[in-house]
Structure formats: structure tokens, C-alpha cells
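Trainee: Have a look at this one.
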Amino acid sequence: MPRPYALCTAAIVALALIAVSPPRLVGDGREYLAQAINFASLHGPSLRPRDLDAIVSEMARFDPALAAWDIRGATVADARRNRDFPHFWLYALLAAPGVWLTRLFDAPPVLAFTAVNLTLLGIALWAALPRIGAAACLLLFASPVVWWIDKAHTEIFTFALLIIAFAMIDKRPWWSMVAAGAAAAQNPPIAALFVLIWLVTILRDRRALMDRRVVAGTLAGLALAVLHPAYTSAHHHTPSLLLAATRPGAPGISSLTAVVIDPSIGLLGNFPALLVVMAVATVVLAVRVRARTDAHGLVVAAAAAVVFLWSFSRTTNVHHGGTPSVSRYAIWLIPLAVPLLTAMYRVGRPWWHRFLWTAALISAPLSVVAFRPSVPENSREPTALATLLWTRFPSVNNPIAEVFSETELHTDDLFVPVATSGCQKVLLGAEGEQGRWPVPCYPEAVPAACQQAEALCYANRSKDGYRWAIAPGAAAGKLRTDAIWPSEALPNVRRIYDAWDWRTLDFNARDLTVLRQTGGVAAAPIGSDRRFILVLREIHPAAFLRLAPAHRLDGVLIDPMTGRTLAAEDCVVQPGETCRIDVPDGFPVLLLAMRYRGE
């Protein structure tokens, strides 16, 4: 496919997606916008204290909610009392000319970043198309990365530069080093990629040391790569302000692999086509060991993947915002497929190209729809794969506790306990043998391994109860104060649940047709119309329930705090009629257990 045609087609699709996406800031976008405004005012890189109010005022014209932003609290003072954001400013510097134009035409300033993003993507597509082919470009560029094309965020910056670095590594390694150095200026771990590219270039041909293009690329890439640590060391006596957001120690397997295989934030749950294509390509190249392929690009990609995964695992905020679901760090991994796709483009047989086109044509429209720029932040959580695993096969996947808690509760902090809607998977913190369980889940006794200080455990529902697993990746979370069983109620809740054979009840029964009306009480149903338990909370004076059973219902109304039976209930009505059950007030929680006579 001719490159001009490909670029025009990609530009039309991108502009169409941007046209229906309202300009907005997500994640760290306000930091980059503030930096760009500062540069556009011919100041910077640091923000002067006297300019902070003016910067916030200009940002508030775009988004009035930013008028209350504590920009001083979001920055760090240097020795001269100027202030810097934790994230570096190179990306914002590129957008500064665009901010001048948005001022001139009174347009949203985030459009300046959109222009930078589109330019970088265009350059990356131009570099990649002749090396990996149209099908591979469709797969990589029409991927979850499309969500960021209109965002003031560095995902497109990093993605595009990494694409360029890997696409140029064979024939023009000097440009690869420049691209890797520029990406490293914004994200220091990518400096390892610059070093790897330089090493394989020299090891491949020692004469490269005398090549002026290689020397120039080395110097330019090195200057860009050290820009971040040099600036931050001079101003703040640390190689990077981002180090404050990292954790020490050796990571576990779950932390290392989360951005790849986690069903909620990883590539597996958001971009599975890439993993399938890479797996097939890897097998083919491994079998065809005599195929004429240059392995140095594959080695660099593999080594870079190790470095990237390690750096991702050290962040203190695994489940960050500024994304519809997939981790932003996972976007770094997509360009690492370029050397593999390049090798297959050269040696792949016709069946491979048909397979790749099939994968790309299936994946691209799905990704463009699921990750179109207009999709709200964190709106795809949990993903379809995460929901399937956590509700149907809960023991198969035990994600990082932070990811599970924040995904299910839609919060920005780790809270426990938390469960899926049907109590198939429950995350609990250490609260002794009894544990603290969310309503309306069955409060099974907690095993000793999960009673240790700061322990977090998953209770995964099975046919005969719960199977337990230590939750990876985090210390104890914050205890929820809402929707949890009181400690005094646990023995009595177990007793009535056992009497009603809770293992056979549907905990995901949102509505029971037998329950026709509730008044002054919140009722959480478990079971079916023939045999059910209603967990009654938020009880007000004169609260009541109306039931319309097809057959006679017998049951009890129990105070689980004391185990006392408040009333024996008997509901038998004529067709079209209902029976009323009065709910006494003054109780934090009550259980109404009913079943058809003979059940």
C-alpha cells in the first residue's frame, strides 16, 4: 500500500473519531497543559510562583473545574523556589507552538496536543509501513492506542517513538537511537532501549563507530536520554521526581505480568489479537530457525520488554486513571511487536499474510469502537474477560488486589471487603477468624493464612463453599464502613444461610418477581421465587414488603445481631393479590427467609 494513501486514510479515520470526542483532560493531562501554557508564555521549563495563578486561570477558561486545582500542591519546589511537576516537560514543549495558535483562534488548548499526537503517529506510520506491511500497521495503529489521539497525555508520544525506534533499527539505527532517546526523556526506563540499540549496532558492525550518521545519532539520542535526569538532578537533587511514585523490593509474578495478562488492565483483556499474532509468529520463527532473519531487533525487543515490565511493576499506582481500562503502560509494549512483525513480513508465507490480515480486520474495528476517543475514562471496567473470569471461573484469576477493588467499586483507593455482584469472588482483609464480609455474601470462617497482619485474600466461590488464595500486589486496604456484615451477626447469618442451603442460591438475583413492592427499606435478594433470603437494610419506620407468590410461602424474619426470630411469616394469597409483611424499625439489618412449602 502506498504510504501517502495509507496516511490519508489514517488521517480521515482519526479526524472522524476526534470530531465526535469532546475535548477534555484525563489523568496527568492538566500537568502537561500547564507546562505547555508556561512554555507558550515564553517561560519555563520551571513554573515561577508568580505565574501559577495566571496558568490556572487560562486552564479554567477551557475547563471551569480547574479553577479549584491546587497547582502548588501538584508541583515540587526547586532550589530557586520555582516549581516542577513530577512528569517531565519535553512532550509539553512540543505542544507549545500549538497553544499559541489556540490562543489566536480562541480554541481549546488541548487541540495543540492532538496536533502533536497526529504528527507523531503519521511519522511512525510512514516509518513502519514499508517494514511491517499494511496488515501489521492496521493491527498496531488501530488498537487501544486510538483512545489517546486527542488526549494531552504521553501515550501517543511514547508509542510513536517506540514504533520509529524499532522500525528503523535494521537500516537506520541512528534514527532509532534518536527516537529512543526522545522517548527516554519523558520516560527514563526507555533509556535502556537506547543503550540496547547502540550496543547491537556496534556489535553487528564495528565499523559503525566510524559512521558519522551513527555517531550523530548516538550523540543526539544520548543528549535526549540524559536530559531528564540531568535537569531534575540540577534542580531537585534526584534523577527523577517520578522515583517518589515507585516502590522498592523485588516484584512478584503477578506485578510483573499484570500489564500483559491481567483481564482488566492487561493486553489479554483489551488487545488479545496482538498476543495471538505474536504467539503464532514466535512459533513460526522458532520452527524455521534457518530462515534469514536479523535477530538483533528481536533480542532488543525481548530485553526491552524485561526492563519495561520491571519498571511497570515498581509503580505505586498500578490501577491508574487516564484510561478506559487498559493500563497506559501496556501501550509501551505494543511497539515491541515490530521486530517480530518485520521478520515475518520478510519470510512469512502466503498463509501468514492471510492470517495477519484476518486478525487485523477483526481486531481493528473492535478496537476502534471499544477505544474510540469519546469513550469515558475507566468506563470499560471490568472488561468482558474480567467479568467472565471473576464470576464464572473465579479461581482461575486472582488479580492484584488494587485492580480488583478499584475496578469493582469504581474508586481510586484500595478498600476491603469487596465482591463481585454475585459474591463469586470476594476480597477480604485480615480481621481475625470471623473476617469482615460484604453484604449479602456468605461469611465463611477465614483460614489462618488470611488472618496475618495486613493479609489480603480472595475467597473464590465453588460448589462446596469458598476456595482461598492470597491476593498479590498490595498490603492491607482501607476497611469499608458500608455494606458489611456486623461482626455480631456473622454466626447467625451463617446459621440461616446454611438452613436455606446457600450454596444453591443465586446471589446475583437482582429482582424477584415474587417481591412486588418495598416501602421504607432496602432489600437485597438472594435465591429464586421458590426459595430466597432478603437482606433488609436502611429500615425506616412503617417499612413493609409486598409479596405475590404463586404458591404458599413459609418463612421467618430474623434479627441476625441476636439470632432472635422476630416473626414467623406465612404468605398465601389468591391470584392477583399480595401479602404484606411489616418490617420493624430500629434494626441495622434483618433477614427474611422464605420458601415454598415443601422446598
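The values are calculated or read from the model by the stated rules, or taken from the named source; none is laboratory data. Just so we're clear, the structure is a prediction, and the values are computed from it rather than from any experiment. When we count neighbours, we look across all protein chains shown, and the Cβ atoms used for this are built from the backbone with ideal geometry, even at glycine.
Trainee: Among the candidates W357, W390, which residue alone is in the same structural domain as L139 (by TED's automatic domain parsing) and farther than 20 Å from T154 by Cα?
Mentor: Step by step, each of W357, W390 is checked, and only W357 is in the same structural domain as L139 (by TED's automatic domain parsing) and farther than 20 Å from T154 by Cα.
Trainee: Return the total of residues in the stretch 527-544 being buried (at least 16 other Cβ atoms within 10 Å of the Cβ) and in a strand (DSSP E or B).
Mentor: Matching residues across the stretch 527-544 total 9.
Trainee: While we're looking at this one, here's another question. In the list E377, E406, which residue meets the criterion of being crowded, with 21+ Cβ neighbours inside 10 Å and either under 14 Å from the mean Cα position of the chain (by Cα) or not aliphatic (A, V, I, L, M) (or both)?
Mentor: Among E377, E406, only E406 is crowded, with 21+ Cβ neighbours inside 10 Å and either under 14 Å from the mean Cα position of the chain (by Cα) or not aliphatic (A, V, I, L, M) (or both).
Trainee: Please report, ordered by residue number, the helices (runs of 4 or more DSSP H) entirely within the stretch 150-265 with at least 1 residues that are over 28 Å from N317 (Cα atoms), in the same structural domain as G322 (by TED's automatic domain parsing) and touching a Pro at 6+ places or on another chain (Cβ under 9 Å).
Mentor: Because the criterion is at least 1 residues that are over 28 Å from N317 (Cα atoms), in the same structural domain as G322 (by TED's automatic domain parsing) and touching a Pro at 6+ places or on another chain (Cβ under 9 Å), the helices (runs of 4 or more DSSP H) in the stretch 150-265 that meet it are 155-167, 191-204, 212-236.
Trainee: Limited to the stretch 100-129, what total is found for residues that are surrounded by 23 or more Cβ atoms within 10 Å (Cβ to Cβ) and outside any helix (DSSP H, G or I)?
Mentor: Residues in the stretch 100-129 being surrounded by 23 or more Cβ atoms within 10 Å (Cβ to Cβ) and outside any helix (DSSP H, G or I): 1 in total.
Trainee: Something else: Report whether or not L385 is within 30 Å of S21 (Cβ to Cβ) and outside any loop (DSSP other than H, G, I, E, B).
Mentor: yes
Trainee: Residues A524, A568: which one is surrounded by fewer than 18 Cβ atoms within 10 Å (Cβ to Cβ), within 37 Å of the chain's Cα centre (by Cα) and assigned to a strand (DSSP E or B)?
Mentor: Every option except A524 fails the conditions.
Trainee: Name the residue that is surrounded by the most Cβ atoms within 10 Å (Cβ to Cβ), counting only residues in the stretch 130-149 that are in a loop (DSSP other than H, G, I, E, B) and among the hydrophobic types (A, V, I, L, M, F, W, C).
Mentor: If we take residues in the stretch 130-149 being in a loop (DSSP other than H, G, I, E, B) and among the hydrophobic types (A, V, I, L, M, F, W, C), then I149 is surrounded by the most Cβ atoms within 10 Å (Cβ to Cβ).
Trainee: Of the numbered conditions (1) farther than 20 Å from I533 by Cβ; (2) free of Cβ contacts under 8 Å to residues at least 24 places away in the same chain; (3) surrounded by 23 or more Cβ atoms within 10 Å (Cβ to Cβ), F393 fails exactly one; give the number of that condition.
Mentor: Unmet condition: (3).
Trainee: Within the stretch 16-62, take every residue that is closer than 20 Å to L118 by Cα and free of Cβ contacts under 8 Å to residues at least 24 places away in the same chain and give me the one that is surrounded by the fewest Cβ atoms within 10 Å (Cβ to Cβ).
Mentor: A19
Trainee: Go through (1) in a strand (DSSP E or B); (2) surrounded by fewer than 20 Cβ atoms within 10 Å (Cβ to Cβ) for N508 and report which single condition fails.
Mentor: The failed condition is (1).
Trainee: Looking at this structure, is V56 in the same structural domain as A112 (by TED's automatic domain parsing), under 26 Å from A184 (Cα atoms), part of a helix (DSSP H, G or I) and among the β-branched types (V, I, T)? Lay out the reasoning, then the answer.
Mentor: Details: in the same structural domain as A112 (by TED's automatic domain parsing): yes; under 26 Å from A184 (Cα atoms): no; part of a helix (DSSP H, G or I): yes; among the β-branched types (V, I, T): yes.
So V56 does not fit the description; no.
Trainee: Related question: When G520 is evaluated against the numbered criteria (1) closer than 25 Å to Y466 by Cβ; (2) among the small types (G, A, S); (3) touching a His at 6+ places or on another chain (Cβ under 7 Å), which criterion, by number, is the only one it fails?
Mentor: It is condition (1) that G520 fails.
Trainee: Can you tell me which residues in the stretch 1-39 are touching a Pro at 6+ places or on another chain (Cβ under 8 Å) and small (G, A, S)?
Mentor: S21, A36
Trainee: Separate question: For the stretch 440-460, name all the residues that are surrounded by fewer than 20 Cβ atoms within 10 Å (Cβ to Cβ) and under 20 Å from A489 (Cβ atoms).
Mentor: Within the stretch 440-460, A445, Q451 meet the criteria.
Trainee: Going by what's in this entry, would A208 be described as modelled with pLDDT of 95 or more, under 30 Å from L341 (Cβ atoms) and of a type in the set (G, A, S)? Walk me through how you get there before you give the answer.
Mentor: Working: modelled with pLDDT of 95 or more: no; under 30 Å from L341 (Cβ atoms): yes; of a type in the set (G, A, S): yes.
Spelling it out, it is not the case that A208 is modelled with pLDDT of 95 or more, under 30 Å from L341 (Cβ atoms) and of a type in the set (G, A, S).
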